[in-house]
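See structure below.
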Amino acid sequence: MQLTGAAGAAGLAGCGGRQSTSSPTDASGTEAAQTSEATPTPVAVDSESLATIQELAYITNQTLPVLPVQEKLAQSFQTTDDWNVPDKDATKIQQYWPTEWLPRTGDWTATEGSDDERFTLAQWAVPADSQYNPWNGKNFAEPRRMMFDRFMQSNLQTQEYSEYLISDWTIDGTTATLTVREGMTWHNGDAVTATDVANQIKLDIYNGGSLGSFVAPDDMGNVSERVVAVDESTVELSLVEAVNESVLLAYLQPKYLVAHEGTYGEYVTRFDEASRRTSGRRCCRI
């Protein structure tokens, strides 16, 4: 897979869309609102398809009376004469971020007879400056989506969650139990364990993740006791109060497992120790 910078992609993604129309004039002939001067010149289109994309982008960004809950970029994907994707109404297209799941399931492939050996697509960050550390918020590298596994899958059409890294889960009152899928391994052959998953959740919380509001909203010193690997394949989260399952899963599902114990374990330990020393405060520092 080859990536290219996408500084010019805004015209396709919908950061402007369509040229504005003239503003109405008052009785003196003066424009009532000088909006046209502030509107960027639209990217030129040379095909009916691009024109359609820009029209949809315009509607999404400027016409809808409310903001979509699901960001539109999360449902974008590439289709060309040389690469196949399922039909637009297929169930697999409804998976949250199909560009991530289709290659995993073998549903995004080169067409028969194609001599393409690589697929080239654009990303927002300059590839040479891309950051693969998930706890560095700058220059997100799109290939990270293929390097790390999400906790679960999410179907936007049915609003249902299905297993992936987490093979099973239960939420009973104030206890959420996650079961790690068997047979998962890291790049070096190490088995994925509940400790890795617990570390991921802890690091997300310690770095300001939203799960903290369910686990330890007022005292970071409680995190190490409320996120626990009870055995090799089971993680338990102790919640401060009962919560709707769909709400909690909406925060768990998008998580990627990155926190390999051999790489991040020492940092989790330092955070745990520091948070206990500062118990009673909302955050801690190392």
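Against the test of being free of Cβ contacts under 8 Å to residues at least 24 places away in the same chain and over 21 Å from residue 267 (Cα atoms), the options 183, 212, 173 yield a single qualifying residue, 183.
Going by the conditions given, is residue 119 aromatic (Phe, Trp, Tyr), more than 20 Å from the chain's Cα centre (by Cα), at pLDDT below 75 and over 24 Å from residue 207 (Cα atoms)? Against the criterion (aromatic (Phe, Trp, Tyr), more than 20 Å from the chain's Cα centre (by Cα), at pLDDT below 75 and over 24 Å from residue 207 (Cα atoms)), residue 119 qualifies.
Any residue at all in the stretch 218-238 that's modelled with pLDDT under 95, over 20 Å from the mean Cα position of the chain (by Cα) and among the β-branched types (Val, Ile, Thr)? Within the stretch 218-238, one or more residues are modelled with pLDDT under 95, over 20 Å from the mean Cα position of the chain (by Cα) and among the β-branched types (Val, Ile, Thr). In the condition set (1) under 30 Å from residue 276 (Cβ atoms); (2) under 18 Å from the mean Cα position of the chain (by Cα); (3) buried (at least 16 other Cβ atoms within 10 Å of the Cβ); (4) in contact (Cβ under 8 Å) with a residue 60 or more places away in the chain, residue 161 is compliant with all but (1). Note on the stretch 77-96: among residues that are at pLDDT 75 or above and under 21 Å from the mean Cα position of the chain (by Cα), the one that is farthest from residue 254 (Cα to Cα) is 85. Applying a threshold of 9 Å to beta carbon distances and a minimum spacing of six or more residues, or different chains, the list of pairs starting in the stretch 259-280 at a residue that is among the aliphatic types (A, V, I, L, M) and ending at one that is in a helix (DSSP H, G or I) and at pLDDT below 90 reads 274/220. Checking each residue of the stretch 256-266 against the condition of being within 17 Å of residue 213 (Cα to Cα) and not in a strand (DSSP E or B) gives no match.
The values are calculated or read from the model by the stated rules, or taken from the named source; none is laboratory data. Since we're looking at a predicted model, the values are computed, not measured. Methodologically, a virtual Cβ is constructed for each residue, glycine included, from the backbone with ideal geometry; neighbour enumeration extends over all protein chains shown.
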